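See structure below.
The values are calculated or read from the model by the stated rules, or taken from the named source; none is laboratory data. Keep in mind that what you see is a predicted model, and the values were worked out from it rather than measured. Every residue, glycine among them, receives a Cβ derived from its backbone with ideal geometry; neighbour counts consider all protein chains shown. What goes into the accessible areas is simple: the full protein's heavy atoms, side chains included, and nothing from ligands, DNA or RNA. Shrake-Rupley method; radii C 1.70, N 1.55, O 1.52, S 1.80 Å.
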Amino acid sequence: MNNVRRKELNKIIESLEILKGELETLYEDEETCRDNLPESLYGSEKYDRADEACYNLESACDSLEEAIDYIDSAVNG
């Protein structure tokens with residue numbers, strides 16, 4: 001891989017890491033919100049939506065981390 005492509009891919013990694021950090025913050029906020037729901041709402045539609053959002057946001061964070069790892073492997077062999 002030439003230096004130009006390597007440099008561009010490193011910029012993409014940096015951007016993805018920033019986005020992942022922002023997404024993790026939103027995930028943590030949603031998780032806190034879900035965890036602070038009153039026990040009377042456990043199992044309710046509201047709780048289930050919050051729980052599903054947490055699951056999906058966590059999965060998105062994991063996917064971004066996986067993408068970063070793949071790009072890093074392409075850059076660094």
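Numbers below:
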| read-out | value |
| --- | --- |
| Pairs where the first residue, in the range 10-30, is within 28 Å of residue 77 (Cα to Cα) and the second is of a type in the set (Asp, Glu) and not in a helix (DSSP H, G or I), C-beta under 8 Å, 6+ apart | none |
| Search result, residues across the range 54-77 that are farther than 15 Å from residue 30 by Cβ, assigned to a helix (DSSP H, G or I) and not charged (D, E, K, R) | 63, 64, 67, 68, 70, 71, 73, 74, 75, 76 |
| Single unsatisfied condition, residue 43 versus (1) assigned to a helix (DSSP H, G or I); (2) of a type outside the set (S, T, N, Q); (3) exposed (fewer than 11 other Cβ atoms within 10 Å of the Cβ) | (1) |
| Hits in the range 14-34 - residues which are open to solvent by less than 80 Å² (accessible area, probe 1.4 Å) and either part of a loop (DSSP other than H, G, I, E, B) or of a type outside the set (Phe, Trp, Tyr) (or both) | 15, 16, 20, 21, 23, 24, 25, 30, 31, 32, 33, 34 |
| Unique residue being of a type in the set (Val, Ile, Thr) and open to solvent by 100 Å² or more (accessible area, probe 1.4 Å) when the list is 4, 75 | 4 |
